[in-house]
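Just so it is clear, none of the values below were taken in a lab; they were calculated from the coordinates. Here the structure is a predicted model, which is why all the values come from computation and not from measurement. Using ideal geometry, Cβ is built from the backbone for each residue, glycine included, and neighbour counts are taken over all protein chains shown.
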Amino acid sequence: MNPLVPLPLLIPLAAAFLLGLLNKRCPRWFADSIAILAASATGVVSLILMHESALRPIVYWYGAWTPRSGIALGVDFYVDPFSAGLAAFVCLLALASFIFSLHYFDSVGNLFHVLMLGFIAAMCGFSLSGDLFNLFVYFELMSVAAFALCGYKTEEPSTQQGAINFAVLNTIGAFLALLGLGMFYARTGALNLAQIGRTLGHDSGVLVVTSFVFVMCGLLVKAAAFPFHFWLADAHAVAPTPVCVLFSGIMVELGVYAVARVYWSLMDGALAPHRSALTGVLLVVGTMTALLGACMCFAQRHIKRLLAFSTISHTGLLIIGFALLKPGALAGAALYLIGHGAAKGALFLVAGILLHRCGSIDEAHLYGRGRKMPWTGAVFVLGGFGLVGLIPFGTFAGEHAIEFIAERNHQGWLDIVFFLAVTITAAAVFRVYARVFLGRGTRLSSGARLKTVDERRETSGPHNHVPAVMFLPAFALGLLAIAAGCIPGETHAVLTAACAFADHAGYQARVLEGAFLPIQAVASEHAPLLSSVLRSLGATLAAIALAVFAISPAWDRGRIYSRPFARSMAFIRRLHSGRVGDYVAYFAFGVAAIGIALAFLIAS
Amino acid sequence: MNRRVRRWFFLICACAIFGLFVSAVRQMPTFGHYRGPYGDILNRETVYERHITDVVTAVNFDWRGIDTLGEESILFLSVIGTLVLLRKPSSEVNDSHDENDTADKRKGREIPLPSAATRVATLGLVGPLVVFGLYIVAHGHLTPGGGFQGGVILATAPLLVYLAGDLKSFKRIANHETVQIGEALGLLGFLILGLPGMIRGGAYLRNVLPLGTSGHVFSGGMIAPINVCTGVAVSAGLVAVTYVFLEHTLETRLRGRR
């Protein structure tokens, strides 16, 4: 068996244990170099695996327990270009965060590195695992690391609230997923994804549907889908900036990935006749997430919260990409994920630079204070263009593919959802750019009715310049957001991988029989590029126009005339109360609504 | 949402979920009618192929050993996370507390030691518990138990010392440094024990040791060493967590004693 497969899990874990062992006995530079080395090595291994699995997915059985007469005995890692590519992307973002945080946090020994390395290992294992219980183990590992990282700045009172909301919601989600997993085991007596899928056959009874709904809702909490998304903004607002890059750039998206993996490997046989039901339910969830996230994003002035809501909005778009249940849309979602993750990472790093330079993260306080940092501002705009999906960013390629499939399936209205979501989120970014980096437009009244948002610096040392180690990772991620859409032959390769990903029977044969099934190259259909280009340019212009309008005096005057709009916005804002009890109630509502809708649609 | 609205809203939703759950459970196989072949195969093969008489341990450390590595990492990260979250804020580190300490430090007003009966009972239990814990760890592959269970039993020993009021000894045993080294070493040991199987051409966590005779202590191949590593890691982890939670109380009480 390919000896490289377990390495993306083992390298970061070993590095974490080693640093835990040495703890305070090793100097800071040593911990930094071990962490950077481990992240790079893991990234390189994942890239090699992605390359090797491009033609034929690799199945790796731990303990060499290969299946016997089609029955899985052990735990497997399933490496295909998607899973290995995600692991590589995890490492890339982690590398950027490690470099960015080179002179961060000298308070608690090297425990920050230990937590980050454990977090990376969990996310790599989560991408690669082919076993439902094993997936859950990494889900938990990821959560534990994430809770501690989120509450890292213990000196601020708000931190505890944000981290507790995060921990409570995610733990409840994990419980629900575990319950669903147990029900699957009771029904099939198997834990391997392929094995469960095969045993289920075409059974779409209440038991199977409920189990799937429980597992899916558990994972959707991680994915911050409406109405499970409430924890995300609270957590992002308080987490240290380098951690936000990983939260927003990949952890949330991994939730969507896991739902897709579970669906295609496990439920596609059972739900094949009822696809339209699942598509309908998930499209509603995705649309609500995208639009609600966008509105809330525009209403923020705490920059990290603003970016967090934009993540929610874009995750909604990813969910739409998956909800169409077509390989083409899945390929689009994969491209979108990379493009968005890189752009969002760059934006968060710029927010971190602002916090370092100016000691504030509030749009009102920062007015005009970024004028001396033109290059940093340029990266911020680059991230904004990434969000709006301007050609040639990675998000453009993804959106183009998803919309093409949507139109072919008579879901053309999704174009409007995409347009609104990307325009509003990008407009919020441009608005911040104009106020902070250009010093243009109306000033926000700081104080008065709005509570001032305050956040302490996360860095020590002089604050009068932008260190290269902070700027370069942000710049690199901005470039990556463009590169993700420009690699020649990329779209075709991703589409091929997506077809293999969505091959339910092929997955089972590869895993359980070890069948030699090379991935078939797919003839890609040429979607009309021109209309997409026009749409992308239109969205960009609309975003800029909206941003200009938002900073003009007319915006404040206009508010008076738009009572109903203002009222509904106030209602939505009130929903995000920050009280964990409310969030749990919404969670219960979400599970009940999704479960009953799906069970009803499938039964009828 | 105010409290009352929230309660009703939640209850209605929870009832809906419960209804869904009940209708799902009604379709489950009835009690005692296990459907899958997985458990049957493992029950049959474990003793023949692995020479292990405790199938649960075999599932945990052999068939699905990688799950256990993940679970132990969860424990490890939880301990690290607790250390991070409960650390003293840097503003308090140099604050010596002595000035405005509310504790009564006059002579004859110290917190009394636990009664002699408590001390005898708890300290007397320490020895047997350590032996029992080691036994459970070492016999994981033969009888119910193993690294997790044994590790928890071992971790109670220092707690008994704490209950006996011997705070200085407790602090010496449960001191951060020692415990953290133990935990990380146990985990590194587990991780490294999986490597020979990979190097010899099989897969990670594949057995490379002789299997021995079923029922003997030296049997079952890699399970015993992995169990020992797990035992070390789990006991150290639990001690570390309790120590972090008790640290503040411990310091005030130790100061009062002086």
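Numerical summary
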read-out: Distance histogram in 5 Å bins (all Cα pairs of segment A:274-350, percent per bin); value: 4, 17, 22, 22, 17, 10, 6, 2, 0
read-out: Pairwise FRET efficiency - B:Leu134 versus B:Leu211, Cβ, R0 = 30 Å, nearest 0.05; value: 0.85
read-out: Distance between segment A:208-259 and segment A:312-333 - C-alpha centres, whole angstrom; value: 15 Å
read-out: Segment A:496-600: mean projected area of Cα convex hull, nm²; value: 13.9 nm²
read-out: Positive-end residue of A:Ile551, A:Val466, A:Ala64, charge dipole of chain A with Cβ unit charges; value: A:Ile551
read-out: Degrees between helix B:116-138 axis and first principal axis of chain B (Cα, 0 to 90, nearest 10); value: 30 degrees
read-out: Net charge of neighbours whose Cβ lies under 13 Å from the Cβ of A:Phe418, counting Lys and Arg as +1 and Asp and Glu as -1; value: -3
read-out: Sorted by Cβ density within 10 Å, fewest first, the residues B:Ile74, A:Ile487; value: A:Ile487, B:Ile74
read-out: Beta bridge orientation in chain A: antiparallel %, DSSP, nearest 5; value: 100 percent
read-out: Footprinting exposure proxy for A:Phe119, B:Phe148 (fewest neighbouring C-beta atoms within 10 Å first); value: B:Phe148, A:Phe119
read-out: Members of A:Lys24/A:Lys372; A:Lys222/A:Lys344; A:Lys222/B:Lys171 lying beyond 29 Å, as alpha-carbon distances in this model show; value: A:Lys24/A:Lys372; A:Lys222/B:Lys171
read-out: Efficiency of FRET between A:Ala41 and B:Tyr34 - r from beta-carbon atoms, R0 41 angstrom, step 0.05; value: 0.40
read-out: Cα centroid separation - segment A:1-76 against segment A:386-446, whole Å; value: 36 Å
read-out: For chain A, convex hull of alpha carbons as volume per residue, Å³; value: 137 Å³
read-out: Largest-first principal axis extents of the Cα set of segment A:142-275 (Å); value: 53, 24, 24
read-out: Per-residue Cβ neighbour rank within 10 angstrom, fewest leading, A:Ser33, A:Ser143; value: A:Ser33, A:Ser143
read-out: Exercise: per-residue mean of other protein chain Cβ atoms within 10 Å, A:23-36; value: 1
read-out: Per residue, the convex hull volume that the Cα atoms of chain B enclose (Å³); value: 240 Å³
